[in-house]
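Below is one structure, written out as structure tokens; the observations come after it.
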Amino acid sequence: MPMTTRDKLEALAANLWWSWNPEALQLFERLNPEAFRVSHHNPLAALRAADPAMLNDRPFQKEVDRIYEAFQAYLNSPPRLENAPRTVYFCMEYGLHESLPFYAGGLGVLAGDHIKAASDLGIPMTAVGLFLREGYFRQRFDHSGWQLADYPAMDPLDHPMSLVHGPDGYPLVITVHLGRQPLYLRAWKLEVGRVPLYLLDASFDANPEPLRILTRRLYQGDRRIRLQQEIILGIGGVRLLRALEQDFDVYHMNEGHCSFVTLELLRERLASGDEREAAEAWVRQHCVFTTHTPVMAGHDRFDPGLLLEQMETFRHQLGLSETDLLAYGRVNPSDSTEAFNMTVLGLKMSRKSNGVSAINGLVARRQWHHLYPDRPVNEVPIGHITNGVHLPTWTVPHARPFLEQHLGDWLEGRFNLEIWKKVDDISDAELWQYRCMLRRRLVEFVNEYVKHQSLPQESHLNPDVLTIGFARRFATYKRAPLLFEDMERAIQLFTREDRPIQVIYSGKAHPADDGGKRFIQQIYEITQHPAFRGKVVFVEDYDMHIARMLVSGCDVWLNNPRRPLEASGTSGQKTAIHGGLNLSVLDGWWPEAYNGQNGWAFGREATGYYEDPVTQDVEDREALYRVLEYEVIPAFYERNGEGLPIRWLTRMRQAMRTIPARFNAVRMVREYVEQIYRPAEAPTPVTATIKNEK
Ligand SMILES: *Cc1c(COP(=O)(O)O)cnc(C)c1O
């Protein structure tokens, strides 16, 4: 029987390939625009509510045929990298699409981009996470601008995921122990192109009610729940793979949340009869670890008493003494007061470790030097792979015709750096039209969106005005209100009638982070101030869709974290293909990308450390006002006889030529394969050093 249009749509809906193929998404949108919109662009929801007339429409059916064929061609395309090791990727959160809100921010978005690029490259990868059905949260506000959190639960049946069955044909159930209490886990499978993603789930009737909540929410609850979630992810994750009879060459732990993977692998080797030393060597040979967090307090640490309590049965299965178990997570195993640190566990039990930008690698080597007291700091075995973004996910649909017209097959260009040189051939007028079109689309979107949000906002954004964006998690180190810290200077900037500016903010604070919530409230108050009303706007409930709109439409992407606390940052990488310009302090990825012409840097040199944060705040905000007033704003409003801002366009061209070529996920995953996943023939020295290292 030939496949019907509905069959093909079902096959398309079942694979997250649509999340980076807007032509596929548009098919579903046409089936039922309203169902598509209210479900945060979920194809399955639109298909279930499909307009039958559309399904029977001949031209529509032809379009489905064409896109279905493209999808099949993608699945069957040959690998771009030969003999890549079989790799399983672990992460607590995944940012795949706005309809699947189990991500909090950059870490999850990076994980989503990583597995999508692995699929594009055709490398044999499987991914594991948790089915956090109440996800991160949906953001609302009370009348004072104080953030509130809603937790609508996802129904797995509404999403492209299926319950995993075991070889015996029954739904697969595996067991882990929390203390002595068994916890049963089932798993849901999502197809992300060619990469299967398994999400563990405790929320079903095999478990007593109080345990079912354990896989419900991301980064919430107390230390015990956090530890239990990490036991589920690390130990449960490996057990799931075994129940599926799957074996891997490389276990990639993305951040310390998944470090228990190493202990479960150790248990397997010990159970198979290895001596302890041989078992550890095997684990180290197979594990690699990525660290992201430059702040010591950001690394998961557990009180030894809590850890021993929760791992009681597991420790017996391992056959280790309490001290021996704790030693894996301690810098100094003989210090009985030292907490169990998940990053220490990951570092100790991995063959390779890396940070996520050159600076972050350097910071991590300093941060963990005490774990390797016999080596100089530049020989601490932590390298770096700089993050990159999955361009097909982050390029808005309405930017694509322009890119196709001028660059040809720009998606193919991710594999071929030559293509980005064609940016030089685009005329000033066309480039400016592109920028103005993207800005106008954003302004229309925001002016409409804020009418329906709980936080009252007057939005009079103007499509011709220099538009600055700031959107990311409202962690306090990211210093969202920096631009308004000197009110007088800020008012001056905003009241020049000949050179107006407007700023759009968006982002969520962690529900337990009152400092972050106060920052949002502060921004809210600024939006109500007469000098800024209508020109400074906060867009609520930040998600991947809002992110895509903002990074595409803003002329300037502002990034001003306290150094050196930004491991990489990726949102600025998403702007460049849209001709947006980064205005950023020299932290994370930016020092590697900034060449003096493809955006702006402000504040001290990357490695210029500050004795105290207040000095840094004051210096940075002064530097920010200066660069805005004397460089950014004049470059935007200085026009030639044809009304074109030539200096601005030169920078845009530089950004588009230099940034997407390097800071994309295909380059990143290739580097992971070549430098991290491929087993070393001989012990490798640390190759990653950057200039200023002492
Ligand atoms: C890209 C992205 C981030 C990461 O932003 P940073 O500026 O790197 O912190 C966070 N949240 C969402 C929704 C994103 O799309």
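The values are calculated or read from the model by the stated rules, or taken from the named source; none is laboratory data. Note that this is a predicted model, so its numbers are computed, not measured. Here Cβ is always computed from backbone atoms with ideal geometry, including for glycine, and neighbour counts include all displayed protein chains. What goes into the accessible areas is simple: the full protein's heavy atoms, side chains included, and nothing from ligands, DNA or RNA. Shrake-Rupley method; radii C 1.70, N 1.55, O 1.52, S 1.80 Å.
At-a-glance table
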quantity: Residues with amide H under 5 Å from that of residue 534, placed H, sequence gap 5 or more; calculated: 458, 460
quantity: Most positive-pole-ward Cα, 237, 368, 336, against dipole of the chain from beta carbon charges; calculated: 368
quantity: Convex hull (Cα only) mean projected area of region 290-390, reported in nm² to one decimal; calculated: 7.7 nm²
quantity: Residue 143 versus residue 488: modelled label distance in nm, points set 7 Å from Cα along the beta carbon direction; calculated: 3.5 nm
quantity: Considering only the chain, percent of DSSP beta bridges that pair antiparallel, nearest 5; calculated: 30 percent
quantity: Cβ-Cβ FRET estimate between residue 281 and residue 324, R0 fixed at 22 Å, reported to 0.05; calculated: 0.85
quantity: All lysines inside 26 Å of residue 62 as judged from Cα atoms, apart from same-chain residues fewer than 8 positions distant; calculated: 8
quantity: Accessible surface of the chain, 1.4 Å probe, proportion on carbon and sulfur as whole %; calculated: 50 percent
quantity: Zero-based 10 Å bins, Cα pair distances in region 398-506, whole percents; calculated: 11, 30, 31, 22, 6
quantity: Inverse of mean 1/r across different Cα pairs in region 308-454, Kirkwood, Å; calculated: 20.8 Å
quantity: Under 18 Å from the Cα of residue 421 - aspartates and glutamates, other chains or at least 8 residues apart; calculated: 404, 409, 412, 430
quantity: Contact order normalised by residue count of region 429-474, Cα under 8 Å, 6+ apart, percent; calculated: 37 percent
quantity: Cα gyration tensor shape for region 5-75, rounded if a/c is under 1.5, else prolate or oblate; calculated: oblate
quantity: Distance between region 302-367 and region 72-86 - C-alpha centres, whole angstrom; calculated: 36 Å
quantity: Whether region 77-205 is rounded, prolate or oblate, judged on the alpha carbon gyration tensor where a/c under 1.5 counts as rounded; calculated: oblate
quantity: Loop-located chymotrypsin sites (Phe, Trp or Tyr not before Pro) in region 575-649 whose Cβ has at most 13 other Cβ within 10 Å (DSSP); calculated: 609
quantity: Neighbour count of at most 10 Cβ within 10 Å plus DSSP loop: longest GluC sites (Glu not before Pro)-free window in the chain; calculated: 276-496
quantity: Summed residue charge, Cβ within 14 Å of residue 111's Cβ, Lys/Arg positive, Asp/Glu negative; calculated: -2
quantity: Spacing of the two label points (7 Å from each Cα toward its C-beta) at residue 26 and residue 604, in nm; calculated: 5.0 nm
quantity: Loop sites in region 213-257: chymotrypsin sites (Phe, Trp or Tyr not before Pro), DSSP, at most 13 other Cβ within 10 Å; calculated: none
quantity: Relative contact order for region 5-75, counting Cα pairs under 8 Å that sit 6 or more residues apart, in percent; calculated: 36 percent
quantity: Cα centroid of region 506-576 to Cα centroid of region 126-205, whole Å; calculated: 28 Å
quantity: The chain, dipole about Cα centre (Lys/Arg Cβ +1, Asp/Glu Cβ -1), debye to the nearest 20; calculated: 400 debye
quantity: For region 137-216: Kirkwood Rh in Å [reciprocal of mean 1/r, alpha carbons]; calculated: 15.0 Å
quantity: Value at 222 nm in deg cm²/dmol, rounded to 500, when DSSP H runs of n ≥ 4 in the chain each add -39,500 (n - 2.57); calculated: -11000 deg cm²/dmol
quantity: Most positive-pole-ward Cα, 59, 123, 251, against dipole of the chain from beta carbon charges; calculated: 59
quantity: Mean Kyte hydropathy of 0.5 or more with a Cα span along the axis of at least 24 Å, helices from DSSP in the chain; calculated: none
quantity: Karplus (6.51, -1.76, 1.60) ³J(HN,Hα), θ = phi - 60°, over region 389-399, in Hz, Gly and Pro reported as x; calculated: 10, 7, 4, x, 6, 9, 9, 5, x, 6, 8
quantity: Cross-link partners of residue 508 among lysines (Cα-Cα below 16 Å; sequence separation of 8 or more within a chain); calculated: 478, 517
quantity: Lys, Arg +1 and Asp, Glu -1 on Cβ, resulting dipole of region 437-657 about Cα centre, debye, nearest 20; calculated: 640 debye
quantity: 1.4 Å probe accessible area per residue over the chain, in Å²; calculated: 37 Å²
quantity: Region 437-657: mean projected area of Cα convex hull, nm²; calculated: 11.7 nm²
quantity: Scattering profile of the chain at q = 0.05, 0.08, 0.12 Å⁻¹ [log10 I(q)/I(0), Debye over alpha-carbon scatterers]; calculated: -0.23, -0.62, -1.44
quantity: Relative contact order (%) - the chain, alpha-carbon pairs under 8 angstrom, separation at least six; calculated: 13 percent
quantity: Distance from region 272-290 to region 417-432 (C-alpha centre basis), Å; calculated: 50 Å
quantity: Cut-off under 5 Å, modelled amide H: who pairs with residue 165 long-range; calculated: 172
